[in-house]
1. What is the one condition in (1) more than 20 Å from Ala255 (Cβ to Cβ); (2) touching a residue at least 60 places away in the same chain (Cβ under 8 Å) that Trp108 does not satisfy?
2. Considering only residues that are hydrophobic (A, V, I, L, M, F, W, C) and in contact with a strand residue (DSSP E or B) (Cβ under 9 Å, 6 or more places away or on another chain), look in region 164-193 and name the one that is farthest from Ser250 (Cα to Cα).
3. Kindly indicate whether Val161 is out of contact with any strand residue (DSSP E or B) (no Cβ under 8 Å at 6 or more places or on another chain), under 17 Å from Glu220 (Cα atoms), among the β-branched types (Val, Ile, Thr) and buried (at least 16 other Cβ atoms within 10 Å of the Cβ).
4. Checking the structure you have, find out if any residue of region 51-64 is exposed (fewer than 15 other Cβ atoms within 10 Å of the Cβ), modelled with pLDDT under 95 and among the hydroxyl-bearing types (Ser, Thr, Tyr).
5. Select, from His48, His13, the only residue that is buried (at least 19 other Cβ atoms within 10 Å of the Cβ), more than 24 Å from Asp94 (Cα to Cα) and touching a residue at least 24 places away in the same chain (Cβ under 8 Å).
6. Every residue in region 131-185 that is of a type in the set (Lys, Arg) and within 22 Å of Ala9 (Cα to Cα), please.
7. Among the residues of region 180-202, write down those that are buried (at least 16 other Cβ atoms within 10 Å of the Cβ), among the aliphatic types (A, V, I, L, M) and either over 18 Å from the mean Cα position of the chain (by Cα) or modelled with pLDDT under 95 (or both).
Amino acid sequence: MTVETQPAAFLGHGSPMNAIEHNRYTDAWRALGASVYRPRAVLAVSAHWFIQSTVVTAMARPRTIHDFYGFPDALFAVDYPAPGSPELAEEVADIAKPTWVGLDHDGWGLDHGTWSVLCHVFPDADIPVVQLSISTLAAFDHHVELGARLAPLRQRGVLIVASGNVVHNLGRLDPRRPEDGFDWAHRFDEAAGSALTGAPASVAGLVDHPDYPAAVPTPEHFIPLLYLAGVAEASGEPVETLARGYALGSLSMSAYAVGAAASAPSGGGPAGELPDPSEVPPEDTNA
């Protein structure tokens, strides 16, 4: 069996409600899944597993974690029963050296940063998924370097999906701006996009950007972008934009990928080019 090289992506996941809604961002996530050869597995890096060590899920059947409150019952009813992959967990621990990666056999699972996007990317939940934690103790450069070390997994048939938000400030949400961002959100999001598509590793230096304190009051949603930056830096491949947009003033929904077009099967059908985000109508965006 031939193992096809997989892309890596950063998906701005926004509100958990995106798991059960249809909008231009979920369309972009679905287009990504339809555009690639079936991966051997998915390695997910989610903003919502932010702990004091680097750990990877290593159970055969990870649970669906509903790590939020105050949302409709329909969202709590979502189950994403993708299998795990203890074998891939071992590979991640090995390839990440000298970074120590622990194996979590029963503590975590798949949080909404992972399943809220994967339920659109692979709605059948039939691709094995392992999730990597984000260490609170590591510097930004470390996360870029770890992303670079994980990059060879793509040649082993592993799709790397990082999930967070470039701009994520829940304290400044403005319901009067359902599909717009504050000026500072636009400036920081655009700076991140320019860095990522120009000199990927320089994304780590955005901590010195004047809008960083407003855009990134806490780092956990920004750090997943650094993993894609590391993959791009290691591969030398260009970074493609999958989606751009804003929600509620202080969230950006930007999504990027490396190698998505190159990994697309030939021959038409649903697995073609990703749509131009500007051509997809913005319907029901609640991010």
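The values are calculated or read from the model by the stated rules, or taken from the named source; none is laboratory data. A quick note: this is a predicted structure, and the numbers were derived from the prediction, not measured. A quick note on method: Cβ atoms are made from the backbone with ideal geometry, for glycine too, and the neighbour counts reach across all protein chains shown.
1. Condition (2) is where Trp108 drops out.
2. So the residue we want is Ala192.
3. Taking the combined requirement at face value, the residue does not satisfy it.
4. No: region 51-64 contains no residue that is exposed (fewer than 15 other Cβ atoms within 10 Å of the Cβ), modelled with pLDDT under 95 and among the hydroxyl-bearing types (Ser, Thr, Tyr).
5. None of the others qualify; the one that does is His13.
6. Arg149, Arg154, Arg156
7. Ala185, Ala191
Condition check ((1) among the β-branched types (Val, Ile, Thr); (2) touching a Leu at 6+ places or on another chain (Cβ under 9 Å)) across all residues:
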| position | (1), (2) |
| --- | --- |
| Phe68 | no, yes |
| Val78 | yes, no |
| Pro83 | no, no |
| Glu87 | no, no |
| Glu91 | no, yes |
| Ala96 | no, yes |
| Trp100 | no, no |
| His105 | no, no |
